[in-house]
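Engineer: Below is a structure I'd like to ask you about.
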Amino acid sequence: MSRVPNVAIDGPAGSGKSTVARLVAQKLDFLYVDTGAMYRAVTYLALKTAVNLDDQDALGSLAEATKFSNVRFCSSGGDVALWCDGANVTPYLRKWDVTREVARVAAVPMVRHCLVRSQRVFARSGGVVMEGRDIGTVVLPDAEFKFFLTADLDTRIERRALEMSGNGWTVDPEELCRQFIYRDEMDLKRTVGPLKAAPDAVVIEGTALTADEIVDRIVTVCQGRVA
Ligand code: DC
């Protein structure tokens, strides 16, 4: 019997990946895995325990020691939460200090090695929609379906600002713009697992599309083999 397929969704910050991946997972009744949340969790734990962010060995050891076996991603319309080491760290992952530092932590090869290993375990049996930067290229190069979402910078910033203000956060558009440019550069230029479309990914330019329209395109592509 053939395995239930996996769906890889990559793209830069603000391209709509999280919203889209979550909705696709609901429609297909798949597990949703937000890999960015895992890099954020390591960053949060490093800041909380005062690990020096220039110390790659210490960051690698932290990622290695973090028990991601307790990670829980709830799909099917429920809350999406990330647990590690027995604690729900979700409320801390989008804080400014974590967002500011996460690209540095995500560039550390040892950190990536540890998290990629855990991510592959989640997808072992198929039936996962996984979103990130390197899912189609590195984490799940054999994923049955791969998508790469893009949108222009202004649109991405606008979407993130709306999401943040919707969550009751104060938004400084200039700071947001600086962060997006910095993180894009870090994500594109790092040597291990850079942000890149897999050669066999369907690229969706989403500047003029709503999240529902993107979801429909993805589900239409997947449906033939998932149904
Ligand atoms: O998607 P996000 O904004 O939550 O991602 C947070 C950071 O983690 C971002 O700087 C990119 C990085 N990341 C990564 O390097 N690889 C992934 N698979 C997912 C996220």
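Engineer: Below 8 Å between Cα atoms, with a sequence gap of 6+, how large is the relative contact order for the chain in percent?
Structural biologist: 34
Engineer: Considering only Cα-Cα distances, which of the following residue pairs are longer than 23 Å: Lys27/Lys146; Lys67/Lys189; Lys27/Lys189?
Structural biologist: Lys67/Lys189; Lys27/Lys189
Engineer: Step through the residues of segment 52-61 one at a time and calculate ³J(HN,Hα) from phi using the Karplus curve (6.51 cos²θ - 1.76 cosθ + 1.60, θ = phi - 60°), rounding each to whole Hz and writing x for Gly and Pro.
Structural biologist: Whole-Hz 3J(HN,Hα) from phi for segment 52-61: 5, 6, 8, 8, 5, 5, 5, 5, x, 5.
Engineer: Run through every distinct alpha carbon pair of the chain and return the Kirkwood hydrodynamic radius in angstroms, one decimal place.
Structural biologist: Averaging 1/r across every pair of different Cα atoms and inverting gives 17.7 Å.
Engineer: Take peptides 97-109, 172-184, 7-19 and line them up by average Cβ neighbours within 10 Å, highest first, as a rough protection proxy.
Structural biologist: 7-19, 97-109, 172-184
Engineer: Taking the Cα centre of the chain as origin, work out the dipole magnitude from +1 charges on Lys and Arg Cβ and -1 charges on Asp and Glu Cβ, in debye rounded to 20.
Structural biologist: My answer is approximately 600 debye.
Engineer: Then there is this: Given H placed on each backbone N at 1.01 Å, which residues far from Tyr32 in sequence or on other chains put an amide H within less than 5 Å of it?
Structural biologist: Ser75, Val129
Engineer: Carbon-plus-sulfur fraction of the accessible area of segment 68-227, 1.4 Å probe, in percent?
Structural biologist: 54
The values are calculated or read from the model by the stated rules, or taken from the named source; none is laboratory data. All figures in this text were calculated on a predicted structure; none of them were measured in a lab. Note: ideal-geometry Cβ built from the backbone for every residue, glycine included; neighbour counts use all protein chains shown. Please note that ligands, DNA and RNA were not included when accessible areas were found on the heavy atoms of the full protein model with its side chains. Shrake-Rupley method; radii C 1.70, N 1.55, O 1.52, S 1.80 Å.
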